[in-house]
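Here the structure is laid out as structure tokens; the discussion comes afterwards.
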Amino acid sequence: MRKRNSWTWVWFLMTSLLLCTVALAAQGDFDDDGDVDRDDINILLAEIRSPGPHDQKFDVNGDGQVNRADARTIVGLCTRPRCAVGDTDRVPPVVTPPQDITLTAVTDTGTPASNAVIQAFLNSATAQDNVDGDLQPTNDAPAFFPLGTTPVTFSAKDKADNTGTAKANVTITAPLGASPRAIPDSGDAPLTVRFIPEFVTDNAVERFQWDFDGDGRFDRTDVIGLNQTFIYRVPGTYNVLLRVTDRNGKQTDGIVVVNVGNKPPEITAEANPSNGQIPLIVNFFASATDNEGVALYEWDFDGDGVFDSSSPTSGNASFTYTETGIFQASVRVTDRLGASATQSLPNTEVRPASPGTPSVTAAASPTSGDVELRVNFNATATDPDGQPFTNWEWDFEGDGVFDFSSSTSPRTSITYMAPGTFFARIRVTAADGDTAEDVIQIVARPKLSLSMSQDTIDPSIGESVSVRTVLGGDTRVSVIIENRSNALVKTLFPWGVRNAGTYDDNWSGLDDAGKQVKEGDYFAVLLSEVDGKVSRLDLRETTGGQRFNPPRTRLPTRFQPFADNPLSITFTLNRAAEVTAFMGRFRANTRLLTFFERKPLGRGSHTIVWNGVNGDGQLIHPPFRDSFLFGIFGFTLANNGVYVRSGAHVSSVSATPSILDPSGREPSTVTFDLTKDADVELVVVDAGTGGELTRIRYTGLSAGQNEIQWDGKTANGDFAAPGRYRLGLTAIDALGFRSITVYTVQRIYY
């Protein structure tokens with residue numbers, strides 16, 4: 001054997017020790033520079049952020065996954081002091097967000113951030129810095145989470161001002177429940193109320209039950225979801241119940257409160273004669289209408305506040321005035337439920353005068369009618385002393401100003417241009433200067449109409465709607481736009497007097513703050529004020545809700561969702577309407593899936609894409625020798641309604657490749673068209689189980705054709721199991737409007 005050189009042996013030992021040192025430091029030294037430092041951490045973070053699959057050399061902690069836990073582990077392997085590269089800390093903290101959460105809203109519009117589940121979500125985020133250790137992340141969570149998906153950004157900053165961020169989503173789904181609407185929801189009996197069934201459910205509804213009087217018994221049942229009308233004849237507060245039952249037998253109840261008041265009696269009264277010499281015998285006449293019936297009539301003849309006569313059956317009475325003066329007689333009528341009304345009108349004013357004074361009786365034809373109301377006036381007068389009459393005067397409005405005077409005749413006429421109740425007064429003067437007065441009541445009713453130039457507008461292309469109002473007389477009015485909850489959106493014409501005529505007020509879909517309104521249905525209302533009372537001309541109380549069958553495209557006999565051939569149904573609305581659309585079985589009265597339930601939509605064509613799933617998101621097939629049946633109903637909007645098409649919409653959704661292998665490098669690419677700038681929410685559902693895999697919100701997308709990518713993973717970051725999946729896209733614009741969800745399907749296979 002050859003003898004070994006001593007220097008060779010020393011070199012061998014040193015090299016072996018060096019190789020051992022390198023081998024020990026190799027874990028985490030991804031740039032092979034002999035150190036585990038911040039450069040290696042940055043390489044690992046970049047790998048974690050990449051879509052994968054990942055090289056297992058990055059699995060530092062050996063748990064079989066490459067994620068942020070490995071980033072925390074490598075910090076403990078750093079071989080440089082404080083993991084520094086040079087003297088400057090340039091590495092941001094690693095923020096680990098919580099898992100995405102989905103929960104049901106606690107109100108009709110969303111859930112406050114103070115909710116315990118949301119608080120636990122916000123508090124579960126962590127942050128780790130390679131220099132500063134554990135940090136407490138902050139977040140940009142709103143105070144209130146609306147319906148839909150809201151991304152939350154978690155941030156942490158180290159002492160060197162490096163900031164790390166990560167995001168997680170909070171998805172708020174609409175509460176399962178019924179929320180019927182009542183139009184109107186208050187008024188005096190008899191009150192006619194129209195009820196509209198509104199509810200939220202992910203399944204097919206098979207029965208609607210109504211309890212109108214709150215007695216625990218259902219008064220009406222239907223299977224379509226029709227508007228209902230009920231007349232309340234007895235005052236009270238009614239908790240109106242709507243019960244909705246879906247195809248699985250699950251029930252949800254909703255209540256709307258209707259307040260029915262006891263309207264006081266409406267009184268008509270007069271005194272005859274109202275003037276003449278004492279002793280003056282005056283006959284009083286009073287009649288009243290009341291929903292509950294009249295229980296008592298009472299008269300105060302001299303106006304001193306003390307009622308001098310009463311009768312449970314008749315409002316007629318008489319009284320003899322023996323003193324001269326002006327007495328304001330009044331009548332009080334009480335109904336059987338205790339509501340009362342008192343009238344002290346000019347036409348019950350009595351003027352007994354000294355002997356020898358004249359008397360006069362006013363006459364008019366007609367005494368009531370719609371404005372513009374032309375009335376012919378006349379009067380008769382007598383004088384005990386035979387004195388001729390030298391002056392006839394008329395105060396047509398009863399405002400104390402005499403508008404007409406004649407020395408020969410009381411005959412005249414006038415046209416009342418404004419609605420209201422007027423007490424026209426005649427004053428006659430005899431040759432000796434004595435006078436007499438009488439009053440007659442004239443009722444000029446308002447004559448109003450309201451119409452819309454169109455029922456659907458798209459403000460983005462400059463469309464607007466003209467609200468036409470026709471006034472039969474000079475009337476104090478206001479024209480407003482309300483949403484379906486009767487909340488004021490826009491004042492088109494503020495309170496003021498408009499002369500008789502036709503007026504067009506344009507609305508371009510902006511609210512009072514000048515902002516574009518959210519897509520949906522809105523309603524024009526004409527407010528008017530007559531005799532100090534404000535009335536509403538709201539055609540929702542009398543029109544709308546008429547059912548019809550919208551025309552649709554011819555349906556194929558077969559469709560294959562997973563062969564890029566879903567069932568596409570296009571229906572057309574010739575006017576704005578609320579739409580109910582569902583899929584059922586042809587040979588059985590069974591709904592399988594509800595696409596829309598009384599969803600307001602604008603005039604035009606709309607498309608539903610069905611991928612053969614039921615209300616639980618599961619792929620289904622019709623029973624043997626049966627087939628699917630598509631059903632659709634439209635319910636007309638009220639004649640004062642307009643649908644504002646201002647939201648973002650998606651269409652032409654497709655996913656490639658049709659068969660996805662998530663373990664490969666290429667993700668699924670979902671292509672779609674977007675009508676305007678918006679966010680888009682992707683929901684992936686297992687077509688076998690109906691379970692939701694993930695829900696992702698893509699923000700700030702532009703109008704036009706777009707592409708988004710899905711890596712084939714669940715919300716937990718795991719690869720989806722082989723199977724069939726339904727991908728749904730919903731556009732969400734800046735106003736929170738959520739479009740119709742459009743679906744496509746995709747298979748996953750490894």
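Among the numbered conditions (1) touching a strand residue (DSSP E or B) at 6+ places or on another chain (Cβ under 6 Å); (2) touching a residue at least 60 places away in the same chain (Cβ under 8 Å); (3) closer than 22 Å to T150 by Cβ, the only one that Y698 does not meet is (2). Within segment 374-383, can one find any residue that is open to solvent by less than 40 Å² (accessible area, probe 1.4 Å), in a loop (DSSP other than H, G, I, E, B) and in contact (Cβ under 8 Å) with a residue 60 or more places away in the chain? Scanning segment 374-383, I find no residue that is open to solvent by less than 40 Å² (accessible area, probe 1.4 Å), in a loop (DSSP other than H, G, I, E, B) and in contact (Cβ under 8 Å) with a residue 60 or more places away in the chain, so the answer is no.
Quick one: would you say V60 is in contact with a helix residue (DSSP H, G or I) (Cβ under 6 Å, 6 or more places away or on another chain) and either at pLDDT below 50 or more than 29 Å from K157 (Cα to Cα) (or both)?
For V60, the condition - in contact with a helix residue (DSSP H, G or I) (Cβ under 6 Å, 6 or more places away or on another chain) and either at pLDDT below 50 or more than 29 Å from K157 (Cα to Cα) (or both) - is not met.
On the stretch given as segment 240-278, residues that are of a type in the set (S, T, N, Q) and over 30 Å from N347 (Cα atoms) total 5.
When you scan segment 160-170, do you find a residue that is within 26 Å of the chain's Cα centre (by Cα), β-branched (V, I, T) and within 29 Å of T741 (Cα to Cα), even just one? Yes, that holds for at least one residue. Got a number for residues in segment 555-588 being under 22 Å from V653 (Cβ atoms), open to solvent by 60 Å² or more (accessible area, probe 1.4 Å) and part of a loop (DSSP other than H, G, I, E, B)? Number satisfying all stated conditions: 3.
Restricting attention to segment 339-350 and to residues that are under 19 Å from N283 (Cα atoms) and either in a loop (DSSP other than H, G, I, E, B) or among the hydroxyl-bearing types (S, T, Y) (or both), the residue that is most open to solvent (accessible area, probe 1.4 Å) turns out to be T342. Scanning segment 708-750 for residues that are of a type in the set (A, V, I, L, M, F, W, C) and more than 26 Å from S651 (Cβ to Cβ), we see that the one that is most open to solvent (accessible area, probe 1.4 Å) is F719.
For every residue, the table says whether it meets (1) closer than 30 Å to L122 by Cβ; (2) in contact (Cβ under 8 Å) with a residue 60 or more places away in the chain.
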{"site": "K167", "(1), (2)": "yes, yes"}
{"site": "A182", "(1), (2)": "no, yes"}
{"site": "V193", "(1), (2)": "no, yes"}
{"site": "E198", "(1), (2)": "no, yes"}
{"site": "Q209", "(1), (2)": "no, no"}
{"site": "F212", "(1), (2)": "no, no"}
{"site": "N227", "(1), (2)": "no, yes"}
{"site": "Y232", "(1), (2)": "no, no"}
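Is there any pair with a first residue in segment 273-289 that is more than 17 Å from D300 (Cα to Cα) and a second that is among the aromatic types (F, W, Y) and in a strand (DSSP E or B) whose Cβ atoms are under 8 Å apart and which are 6 or more apart or on different chains, and what are they? Every condition considered, the pairs that remain are I278/Y321; P279/Y321. If I filter segment 152-171 for residues that are at pLDDT below 85 and not aliphatic (A, V, I, L, M), do I get at least one hit? Yes, segment 152-171 contains at least one residue that is at pLDDT below 85 and not aliphatic (A, V, I, L, M).
Candidates S485, S453: the one that is under 26 Å from E372 (Cβ atoms) and of a type in the set (S, T, Y) is S453. Give the residue that is most open to solvent (accessible area, probe 1.4 Å), with candidates limited to residues of segment 288-299 that are modelled with pLDDT of 95 or more and either within 27 Å of P358 (Cβ to Cβ) or among the hydroxyl-bearing types (S, T, Y) (or both). Among those that are modelled with pLDDT of 95 or more and either within 27 Å of P358 (Cβ to Cβ) or among the hydroxyl-bearing types (S, T, Y) (or both), it is Y297.
Scan segment 384-410 for residues that are under 54 Å from the mean Cα position of the chain (by Cα), surrounded by 13 or more Cβ atoms within 10 Å (Cβ to Cβ) and not hydrophobic (A, V, I, L, M, F, W, C) and the total you get is 4. Only strands (runs of 3 or more DSSP E) whose full extent lies in segment 589-648 are considered here, and the ones with at least 3 residues that are open to solvent by less than 40 Å² (accessible area, probe 1.4 Å) and either more than 22 Å from Y725 (Cα to Cα) or among the basic types (K, R) (or both) are 591-601, 628-636, 641-644. Looking only at residues of segment 132-168 that are in a strand (DSSP E or B) and hydrophobic (A, V, I, L, M, F, W, C), we find that the one that is surrounded by the fewest Cβ atoms within 10 Å (Cβ to Cβ) is F144.
Can you confirm whether L629 is modelled with pLDDT of 85 or more and in contact with a Leu (Cβ under 7 Å, 6 or more places away or on another chain)?
Considered against the rule, which asks whether it is modelled with pLDDT of 85 or more and in contact with a Leu (Cβ under 7 Å, 6 or more places away or on another chain), L629 comes out as no.
Taken as a whole, segment 544-567 holds at least one residue that is over 18 Å from the mean Cα position of the chain (by Cα), of a type in the set (K, R) and over 29 Å from I196 (Cβ atoms).
If you filter segment 673-697 down to residues that are out of contact with any helix residue (DSSP H, G or I) (no Cβ under 9 Å at 6 or more places or on another chain) and assigned to a loop (DSSP other than H, G, I, E, B), you find that the one that is surrounded by the most Cβ atoms within 10 Å (Cβ to Cβ) is G690. Inspect all residues belonging to segment 351-368 and state whether any of them is exposed (fewer than 13 other Cβ atoms within 10 Å of the Cβ), among the hydroxyl-bearing types (S, T, Y) and part of a loop (DSSP other than H, G, I, E, B). Yes, there is a match, as at least one residue in segment 351-368 is exposed (fewer than 13 other Cβ atoms within 10 Å of the Cβ), among the hydroxyl-bearing types (S, T, Y) and part of a loop (DSSP other than H, G, I, E, B). Residue pairs whose Cβ atoms lie under 6 Å apart, sitting 6 or more positions apart in sequence or on different chains, and linking a residue in segment 500-515 that is open to solvent by 60 Å² or more (accessible area, probe 1.4 Å) to a partner that is at pLDDT 95 or above and of a type in the set (D, E, K, R), are D504/R468; D512/K490. Note on segment 251-279: residues that are open to solvent by 70 Å² or more (accessible area, probe 1.4 Å) and hydroxyl-bearing (S, T, Y) amount to 1.
Return the residues of segment 230-250 that are open to solvent by 60 Å² or more (accessible area, probe 1.4 Å) and among the polar types (S, T, N, Q); say none if nothing qualifies. Scanning segment 230-250 gives T237, N239, N248.
Yes/no matrix, rows are residues, columns are (1) touching a strand residue (DSSP E or B) at 6+ places or on another chain (Cβ under 6 Å); (2) acidic (D, E); (3) modelled with pLDDT under 95:
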residue	(1), (2), (3)
T245	yes, no, yes
G249	no, no, yes
T252	yes, no, yes
I255	yes, no, yes
N259	yes, no, no
K263	yes, no, yes
N275	yes, no, no
V282	yes, no, no
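The rows are residues; the columns are (1) buried (at least 21 other Cβ atoms within 10 Å of the Cβ); (2) under 15 Å from A364 (Cβ atoms).
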residue: T412; (1), (2): no, yes
residue: P419; (1), (2): yes, no
residue: V428; (1), (2): yes, no
residue: A431; (1), (2): no, no
residue: D434; (1), (2): no, no
residue: V439; (1), (2): yes, yes
residue: A444; (1), (2): yes, yes
residue: L450; (1), (2): no, no
residue: D455; (1), (2): yes, no
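Scanning segment 315-338 for residues that are open to solvent by 40 Å² or more (accessible area, probe 1.4 Å) and under 30 Å from G236 (Cβ atoms) turns up R332, R336, L337, G338.
The values are calculated or read from the model by the stated rules, or taken from the named source; none is laboratory data. This structure is a prediction, so every number in the text was calculated from the model and none was measured. Every residue, glycine as well, gets a Cβ built from its backbone with ideal geometry; the counts of neighbours run over all protein chains shown. Ligands, DNA and RNA are excluded from the accessible area calculation, which covers all protein heavy atoms including side chains. Shrake-Rupley method; radii C 1.70, N 1.55, O 1.52, S 1.80 Å.
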